Amino acid sequence: MRTRVGIVGGGPAGLLLSHLLHLRGIESVVLEARSREDLESEIRAGVLEHGTTELLMETGVGDRMRREGAVHRSVNLQFDGRRERIDLEGLTGKTITLYGQHEVVKDLVRTRLEAGGEVLFGAKGIELRDLGSEEPKVRFLREGEERELRCDFVVGTDGFHGVSRKSLPDRVSTEYERRYPFGWFGILIEGPPSTEELIYALHERGFALVSTRSPEIQRLYFQCDPNDEAGNWSDDRIWAELHARLDTEDGWTVNEGNIIHKNVVQMRSFVCEPMRYGRLFLAGDAAHIVPPTGAKGMNLAVADVRVLSRGLTEFYASGETELLDGYSETCLRRVWKASRFSWWMTSMLHRFDGDDAFQYRMQVAELDYVTGSRAAATSLAENYVGLPMERGFEAQAKERASAS
C-alpha cells in the first residue's frame, strides 16, 4: 500500500487530520487498532473550546454538534459555602460547547467514510520503520494478513500508550511528567440537569464537578483515590458523596438519575519534546497529556493537527518545509501554556495528601481572588475558552518571508 500521509490512531486527532488533508486534496490512510463500534462507544468528556467548534463548523463536521451540543456562556466556582460565576462570554466574547468526544469521533468517522476515506479498523501489531528516510513505513496485521503502508510522512495520534512516541529514539526526546495523587470518579446519568452551567467545587472532602450534557444526559465527577475501582462504589454511596460535596445551604441539590456508566480517570501532566523525529510527527495524547480540570485534552489535539495540516499543505503545494520544521515549536508553546492552566486549576480545586487547614484556606483565598478580580477572572476565562490556535504561527511565517 502507498499513501502520502499514514496516520496511526483513529481518535479525534487522527480523524480530523485526515479530514483536513482531504479538504486540501492530500491522500491519507488512518490505521486504528479498535473496531469502529469500540472506538465510537468509548465514553469521553467533551468541553470544546471556541476555536475547536469554529474549526469543526468551517470544515463541515459540526452540524450535529450545533444541534445537540450545549453552548455554555459561563462556568461556576463553588467554595466556602458559596457559588461564584465566571462570565466567559462577557469577559472574552467567546463561549464553550459541551459535546462528548465520542460524538465528535462518530461525526468524523462518518464524514471520512462518506468521502471515500481509508480508515482501516482492526489494524494490530503496528510497527513504524525507516522514520529517518524519505519513505517511512508502517507495518501492521489486519484480518490475519501482514501488510505494509509506505508513506511520505507518518503521524502518530495513537495516544499515550501507543507505539508512535515509543518509536522516537531516547537520544532525541525528553519527557516531562507529573503524576497526581488522586483521580476522578466519573458517572454518566440519565436524568434532568442540576444546573445550566458547569460547577467546579472545592470541598474539604475533595473536588467535585457538575457538567450538563443535554436535557436527558448529565456527567458528574468527584475526586477519588487513583487506585480505586468503579465497582467498589454502589449507586447510593456515589450519590451520598456527591450530595456531601455539592449541596448548598440555600436548598440547591444535585439531581439524581439512573447511572449508566462509571469509571475512574487517572490524573497526570505529561509532555514529550520534540513532537517530531524525521518523518514522524506526534499529535494529541501521543505527545502530551493534561489533567482534565482545564478541559484541554481534545482541544490541544485539534490545535496540533490544524498546525500540521497547514505544514503538510505547504509542503505538497510548494515543496517548502518551513512550517513543518516549526511544527513542534509552534505546538509546544500552546501545549505548555495549557499544561500550566490545567495544573493551576487542578492545584486550586483539589485536596492533596498531607494538606492541612492552612493549605485549604489558601485555596479558598485563591478562589475568592479569582472570582472577585476582573483581571483574574479574565485570565481564567481566556484560558478556558481557548488560547489562540497558533499564537505566533502566522507572524513567524511573515517574518521568515520578509527576511528572505
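Condition first: among the aromatic types (F, W, Y) and in contact with a helix residue (DSSP H, G or I) (Cβ under 6 Å, 6 or more places away or on another chain). Now tell me which residues in segment 222-277 satisfy that. It would help to see each step written out before you state the result.
Kept after step one, since they are among the aromatic types (F, W, Y), are these residues of segment 222-277: 222, 233, 239, 252, 270, 277.
Passing the criteria: F222, Y277.
In segment 193-200, the count of residues that are surrounded by fewer than 19 Cβ atoms within 10 Å (Cβ to Cβ), among the aliphatic types (A, V, I, L, M) and outside any loop (DSSP other than H, G, I, E, B) is zero. Tell me the residue from K106, K94 that is outside the structural domain of Y200 (by TED's automatic domain parsing) and either crowded, with 21+ Cβ neighbours inside 10 Å or in contact with a Leu (Cβ under 7 Å, 6 or more places away or on another chain) (or both), please. None of the other options fit; the residue is K94. Residues that are of a type outside the set (A, V, I, L, M) and surrounded by 11 or more Cβ atoms within 10 Å (Cβ to Cβ) within segment 355-373 comprise D355, Q359, Y360, R361, Q363, E366, D368, Y369, T371, S373, listed in sequence order. Based on this model, can you work out whether L149 counts as assigned by TED's automatic domain parsing to the domain that holds S18 and either more than 20 Å from V305 (Cβ to Cβ) or under 25 Å from the mean Cα position of the chain (by Cα) (or both)? In short, no. Working carefully through the options F281, F270, find the one that is surrounded by 17 or more Cβ atoms within 10 Å (Cβ to Cβ) and touching a His at 6+ places or on another chain (Cβ under 8 Å). Step by step, each of F281, F270 is checked, and only F270 is surrounded by 17 or more Cβ atoms within 10 Å (Cβ to Cβ) and touching a His at 6+ places or on another chain (Cβ under 8 Å). So which residues in segment 114-144 are buried (at least 17 other Cβ atoms within 10 Å of the Cβ), aliphatic (A, V, I, L, M) and under 21 Å from K166 (Cα atoms), if there are any at all? Those that are buried (at least 17 other Cβ atoms within 10 Å of the Cβ), aliphatic (A, V, I, L, M) and under 21 Å from K166 (Cα atoms): A123, I126, L128, L131, V138.
In this structure, is R67 part of a helix (DSSP H, G or I), surrounded by fewer than 16 Cβ atoms within 10 Å (Cβ to Cβ) and not assigned by TED's automatic domain parsing to the domain that holds G297? Answer is yes for this residue.
A count restricted to segment 330-354 and to residues that are surrounded by fewer than 18 Cβ atoms within 10 Å (Cβ to Cβ) and either aromatic (F, W, Y) or without any contact (Cβ under 8 Å) to a residue 40 or more places away in the chain (or both) stands at 7.
Inside segment 1-55, can you point out the residues that are among the charged types (D, E, K, R) and crowded, with 21+ Cβ neighbours inside 10 Å?
Quick first cut of segment 1-55, residues among the charged types (D, E, K, R) only: 2, 4, 24, 27, 32, 34, 36-38, 40, 42, 44, 49, 54.
E32, E49 - these are the residues of segment 1-55 that are among the charged types (D, E, K, R) and crowded, with 21+ Cβ neighbours inside 10 Å.
Residues in segment 70-82 that are surrounded by 17 or more Cβ atoms within 10 Å (Cβ to Cβ) and in contact with a Ser or Thr (Cβ under 8 Å, 6 or more places away or on another chain): A70, H72, N76, L77, Q78. When R310, R245 are screened for being at pLDDT 95 or above and either more than 19 Å from V5 (Cα to Cα) or exposed (fewer than 15 other Cβ atoms within 10 Å of the Cβ) (or both), only R245 passes. Only a single criterion out of (1) crowded, with 17+ Cβ neighbours inside 10 Å; (2) at pLDDT below 95; (3) not in a loop (DSSP other than H, G, I, E, B) is not satisfied by G231, namely (1). Among the residues of segment 26-62, those that are touching a residue at least 12 places away in the same chain (Cβ under 8 Å) and part of a helix (DSSP H, G or I) comprise R36, L39, E40, S41, H50, G51, T52, T53, L55, L56.
For segment 79-188, list the helices (runs of 4 or more DSSP H) that sit wholly inside it and hold at least 1 residues that are touching a residue at least 24 places away in the same chain (Cβ under 8 Å) and at positive phi; which are they? Here the list is empty.
The values are calculated or read from the model by the stated rules, or taken from the named source; none is laboratory data. On a predicted model such as this, the values are computed, not experimentally measured, just so you know. Heads up, the Cβs are rebuilt from the backbone with ideal geometry, glycines too, and the neighbour counts pull from every protein chain shown.
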